[in-house]
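The values are calculated or read from the model by the stated rules, or taken from the named source; none is laboratory data. Only a predicted model underlies this, so the values are computations on that prediction, with no experimental measurement involved. Neighbour counts are summed over all protein chains in view; Cβ atoms, including those assigned to glycine, are modelled from backbone coordinates with ideal geometry. All accessible areas refer to the heavy atoms of the entire protein, side chains included, with ligands and DNA or RNA removed. Shrake-Rupley method; radii C 1.70, N 1.55, O 1.52, S 1.80 Å.
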Amino acid sequence: MRDPKRLLTVLMLVCVALVWSTSWHLSSTYDEPQHLQMGLQILRSGDLSRFDNSKMPITVFNAIPWHLAGSRESIGSWFLARVPQVGWLLGTVWIVFAWVRPHHGAWAALGAAALVALDPNLVAHAGLVTTDAPCVFFVVASCFTWAKALERPTRRNHVIAGIVFGLAQAAKFTAVFLVPIQLLIAAVTCTRARSLRPLRH
């Protein structure tokens, strides 16, 4: 099997297996119930008010399978509530592959994707009902769409970059560090282009 795209699929399946093999039998951690509570609050009453600044609306995706499972405090219910988390990690893996490939080739992209998919810290957080996995996804997605908007400054790319940046802020407050990161990306782009035009955009 020498096709990088097929190997990427295998890598993603291995990633899912790693996440689910460590999370299916675990009871809730100390902060998961509060994160889930935020999602359930939105799902049941549409109430977006936060009772804690670290709890964000993104956990509504975890509340949906929990609710469908009967909202019972059990190992099975917690596993179902955690299932959406692996999707954020897989999305991050795909973005890294798509970002690296045009610049360095498919094999380098596969290697970069593997560093993400097999990272112990990311795998661990992809098995918990918290805002960490979606935050990582949106931070990487925001940097990707921002870099693309700088390379091809069209209105469509600017709008997409702005929307993804906003979603990152809605995923977790610590995504505010995207501001200096994106300024750095813009500075690097200007240096390579020997022009201030990307920064103006």
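Please enumerate, by chain and number, the lysines with C-alpha under 25 Å from the C-alpha of K55, excluding those fewer than 8 residues away in the same chain.
K172
Looking at the stretch 1-106, which chymotrypsin sites (Phe, Trp or Tyr not before Pro) are in a loop (DSSP not H, G, I, E or B) and have at most 16 other Cβ atoms within 10 Å?
Values: sites: W20, W24, Y30, F51, F61, W66, W78, F79, W88, W94, F97, W99; in loops: W24, Y30, F51.
Filter output for the stretch 1-106: W24, Y30, F51.
How much net charge surrounds I42 when only the other residues with a Cβ under 13 Å from the Cβ of I42 are counted, with Lys and Arg +1 and Asp and Glu -1?
On the way: positive: R44, R50, K55; negative: D47.
Overall, the nearby charge balance is +2.
What ³J(HN,Hα) values, in whole Hz, does the Karplus curve 6.51 cos²θ - 1.76 cosθ + 1.60 give for the stretch 149-160 when θ = phi - 60°, with x put for Gly and Pro?
Once θ is set to phi - 60°, the couplings for the stretch 149-160 become 5, 6, 6, 10, x, 9, 4, 4, 5, 5, 5, 4 Hz.
Mean-square fluctuation check for the chain, GNM, Cα pairs under 10 Å: which of L122, L167, L13 is largest?
Sorting by GNM fluctuation, first place goes to L13.
What span do the alpha-carbon atoms of the chain cover on each of the three principal axes, reported in whole Å from largest to smallest?
59, 46, 25
Checking the a/c ratio against 1.5 first, then a/b against b/c, what shape does the Cα gyration tensor give for the stretch 147-199? Can you show the working numbers first?
Details: a/c = 3.91, a/b = 1.53, b/c = 2.56.
Here the stretch 147-199 falls in the oblate category.
The stretch 1-97: which trypsin sites (Lys or Arg not before Pro) are DSSP loop and have at most 13 other beta-carbon atoms within 10 angstrom?
Values: sites: R2, K5, R6, R44, R50, K55, R72, R82; in loops: R2, R50, K55, R72.
Answer in residue order: R2, R50, R72.
What FRET efficiency would be calculated for the residue pair L183, A98, taking the C-beta separation as r and a Förster radius of 22 Å, to the nearest 0.05?
Numbers: r = 23 Å, r/R0 = 1.05.
With R0 = 22 Å, the Cβ-Cβ based efficiency is 0.40.
Which percent of the accessible area of the chain is formed by carbon and sulfur heavy atoms (probe 1.4 angstrom)? List each step's numbers first, then the result.
Details: 7260 of 11060 Å².
C and S fraction of accessible area: 66 percent.
Between I163 and D47, with labels modelled 7 Å along Cα→Cβ, what's the label distance in nm to one decimal, could you check?
In this crude label model, I163 to D47 measures out at 3.1 nm.
What does the helix-only formula give at 222 nm for the chain: each DSSP H stretch with n ≥ 4 adding -39500 (n - 2.57), the total divided by the residues, and the result rounded to the nearest 500 deg cm²/dmol?
On the way: 10 runs with 148 residues, N = 201.
For the chain, the value works out to -24000 deg cm²/dmol.
Per 0.36 nm of contour for each residue apart, how much would the distance between R155 and W24 grow if the chain were fully extended, relative to their Cα-Cα spacing?
Values: separation 131, 0.36 × 131 = 47.16 nm, distance 4.39 nm.
Between R155 and W24, full extension yields 42.8 nm more.
Once label points are set 7 Å from the Cα along Cα→Cβ at both W107 and R192, what is their separation, rounded to one decimal in nm?
Here the answer is 2.2 nm between the modelled labels.
Provide the gained length on full extension for the span A69 to L115, in nm with one decimal, where the gain is 0.36 nm per separating residue minus the Cα-Cα distance.
Details: separation 46, 0.36 × 46 = 16.56 nm, distance 3.37 nm.
Length gained, A69 through L115: 13.2 nm.
Counting pairs of Cα atoms in the stretch 102-190, how many percent are more than 20 Å apart?
On the way: 1760 of 3916 pairs.
Summing the P(r) tail past 20 Å for the stretch 102-190 gives 45 percent.
Rounded to the nearest 0.05, what FRET efficiency is calculated for A17 and A124 with R0 set to 22 Å and r the Cβ-Cβ distance? If you can, show how the numbers build up before the last one.
Working: r = 14 Å, r/R0 = 0.65.
The value I calculate is 0.95.
If you keep only loop residues by DSSP, which trypsin sites (Lys or Arg not before Pro) in the stretch 149-201 have at most 15 other Cβ atoms within 10 Å of their Cβ?
Details: sites: R155, R156, K172, R192, R194, R200; in loops: K172, R194.
Here the trypsin sites (Lys or Arg not before Pro) that fit, given the DSSP loop and packing criteria, are R194.
Using only the alpha-carbon atoms, how far is helix 178-193 inclined from the longest principal axis of the chain? Give it as 0 to 90 degrees, nearest 10.
The two axes meet at around 20 degrees.
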